[in-house]
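Trainee: The structure that follows is given in the form of structure tokens.
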Amino acid sequence: MRESKLIKMNADLLEFLYKKFWMKLGASEEHAKAFARGISMGDRQGKLYQGMGVMEAALIPVEGGIGDLEAEPELVSEGPTFAVYNGHRSTGYYTITKMTEKAIEKAKEYGIAISFGYNHIDAGSFFSYTSLALEHDMVAMASNNSVPLSAPFGGMDFVMSVPPFDAACPAGEQLPLVVSTKLCEGYDADITEALLKDGKLKSKLLVDPETGEFTDDVRPYSKLIEGYGRVSDCNAPWIFSNPRLYSLNIWNEFMTSIINPYGVPSSELPAQPSDYFKPDAPTPVGGSYIIVIDPSKFGPIANVKEKADKYISSIKECKKRPGVKEIYIPDEWGLEKVYRQESPMVDVMEDHLNAFKGFLNKYEISYDALVEEWEKEN
């Protein structure tokens, strides 16, 4: 069994490397800054597949000629409490950052606002965007749809998204309340992880496209994409293990694409990551949204923070089951690292780092020279 080792690296250095890399590929400094912050946020939270590894989901469309790093997202329509952005095939990192900033601006005036996005590529960890609202003591929830890697409940075809979902609410002395999850059973990254280990998922979460049998063995159906550390093709769809998750996935689809005036449903997108090397492919994201709420428009923000703190305390102080040492709020470990950990050191997977160094080398960028430049500046 082969397993990628974890390597300790400085998150500030990584963010610098990401920014320089993206600028080398043609992104503006503003775009590269948004991209680097988004990738780094995953690193800082300890989310191995939402940090350095997730960059490949944006890089593949760029290398395939689908993503355009020189494009500027455009505000195509707006009202007092809404905005719609055409990403013009830019990244979600850049497009949704602009969507979030606009929604924050409108929520400050009207209390609540929603921004829709379309025609952009991957956006990484959505806490990157909800956390921007937290900086203003605001609530936010956000997602995009994705490549259709899932089958419907009881089905066998690739028609449903594997989307992220994030929501955040400010607190006072406590860490903020954050929901950061996926509305699916797995991603292509989970297929890759299984391939690099023993070929098995944690349970039977794939459906054989011919027999309809459930399986946990990815090997008959999947293959690594050469030169990448995170991304694999797989011709067996993910299933939904319960109807609740299936229902939430459908809810997210009508938020990201169906009510989005220019959104494209996941069912209309190609299913395999390697399909996005083809120049005539659509963007691998059909649509996105972020809702921002300013609680101070409805009452004192101090009251919101006080109630959040009391609620969190009631959870953490709950009577524990035998053998349980501590009750955690969702994402508490990652939030501790972002908001309270003094050390900038984070874990990255050796496979992801080797792939990233390979990308730098492909574009004639010296990893060692960039590290030296960062060290001189810091």
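Every read-out reported here was derived from the displayed coordinates using simple, explicitly stated rules and does not represent laboratory data. None of the values given here were measured: they were computed from a predicted structure. Glycine gets a Cβ as well: all are built from the backbone with ideal geometry, and neighbour counts include every protein chain shown.
Trainee: Identify all aspartates and glutamates with a Cα-Cα distance to residue 362 below 15 Å; exclude those on the same chain that are fewer than 8 residues away in sequence.
Mentor: 56, 63, 226
Trainee: Counting each DSSP H run of 4 or more residues in the chain as -39500 (n - 2.57), what helix-only mean residue ellipticity at 222 nm follows after dividing by all residues, to the nearest 500 deg cm²/dmol?
Mentor: Details: 11 runs with 135 residues, N = 378.
Value at 222 nm, helices only: -11000 deg cm²/dmol.
Trainee: Can you tell me which of 142-149, 340-347 comes out highest on packing, and rank the rest after it, using the mean Cβ neighbours within 10 Å?
Mentor: For the peptides 142-149, 340-347, the packing ranking is 142-149, 340-347.
Trainee: Further, regarding this structure: Just to be sure I understand the model, the point goes 7 Å from the Cα along the line to the Cβ. What's the resulting residue 281 to residue 372 distance in nm?
Mentor: 3.7
Trainee: Run the numbers on the chain and let me know its relative contact order in percent, using alpha-carbon pairs under 8 Å that are six or more apart.
Mentor: Working: 838 pairs, mean separation 87.3, N = 378.
Reported relative contact order: 23 percent.
Trainee: Counting Lys and Arg as +1 and Asp and Glu as -1, what is the net charge of the other residues whose Cβ lies under 12 Å from the Cβ of residue 15? Could the numbers behind the result be given before it?
Mentor: Working: positive: 19, 20, 33, 37, 44; negative: 12, 43.
So the surrounding residues net to +3.
Trainee: Still on this structure, please answer the following. For the stretch 335-346, in order, what is each residue's ³J(HN,Hα) by Karplus, 6.51 cos²θ - 1.76 cosθ + 1.60 with θ = phi - 60°, in whole Hz (x at glycine and Pro)?
Mentor: These are the phi-based 3J(HN,Hα) values: 5, 4, 5, 6, 9, 10, 7, 7, 6, x, 6, 9 Hz.
Trainee: Also, quick follow-up: Given a cut-off of 30 Å, name the pairs among 200/357; 202/337; 297/325; 8/98 whose C-alpha atoms lie farther apart than that in the structure shown.
Mentor: Working: 200/357 28 Å; 202/337 26 Å; 297/325 39 Å; 8/98 32 Å.
Over 30 Å apart, Cα to Cα: 297/325; 8/98.
Trainee: Just add up the charged neighbours of residue 346: K/R +1, D/E -1, any other residue whose Cβ is under 9 Å from the Cβ of residue 346.
Mentor: Working: positive: 8, 44, 337; negative: 43, 347.
Spelling it out: positives minus negatives among the neighbours equals +1.
Trainee: Which value in nm describes the separation of the simple spin-label points at residue 242 and residue 310, placed 7 Å from the Cα toward the beta carbon?
Mentor: 3.0
Trainee: For a quick check: with amide H placed at 1.01 Å from N, whose amide H comes under 5 Å from residue 233's, ignoring anything fewer than 5 positions away on the same chain?
Mentor: 223, 225
Trainee: Let me ask something else. So what's the gap between the Cα centers of the stretch 78-130 and the stretch 20-47, to the nearest angstrom?
Mentor: 17
Trainee: May I pose another question? Can you work out the Karplus-derived ³J(HN,Hα) for every residue in the stretch 261-270? Use 6.51 cos²θ - 1.76 cosθ + 1.60 with θ = phi - 60°, whole Hz, and x for glycine or proline.
Mentor: Listing the rounded values in order: x, 10, x, 10, x, 4, 4, 9, 9, x Hz.
Trainee: To continue, here is another question. How about the stretch 55-98: which GluC sites (Glu not before Pro) there are in a DSSP loop, with at most 15 other Cβ atoms within 10 Å of their Cβ? Don't skip to the answer; put the middle values down first.
Mentor: Details: sites: 56, 63, 70, 74, 78; in loops: 70.
Those satisfying the criteria are 70.
Trainee: Which whole-angstrom value gives the distance between the alpha carbon centres of the stretch 166-194 and the stretch 250-316?
Mentor: Using only Cα atoms to place each centre, the spacing works out to 12 Å.
Trainee: Can you list the lysines whose alpha carbon is less than 22 Å from that of residue 204, not counting same-chain residues fewer than 8 positions off?
Mentor: 182, 223
Trainee: Here is a further query. Once phi is turned into ³J(HN,Hα) by the Karplus curve 6.51 cos²θ - 1.76 cosθ + 1.60 with θ = phi - 60°, what whole-Hz value does each residue of the stretch 167-173 show in order, with x for glycine and proline?
Mentor: Couplings: 9, 9, 9, x, 10, x, 7 Hz.
Trainee: Only Cα pairs under 8 Å and at least 6 apart count here; give the relative contact order of the stretch 1-153 as a rounded whole percent.
Mentor: Details: 227 pairs, mean separation 28.1, N = 153.
Once normalised by length, the contact order is 18 percent.
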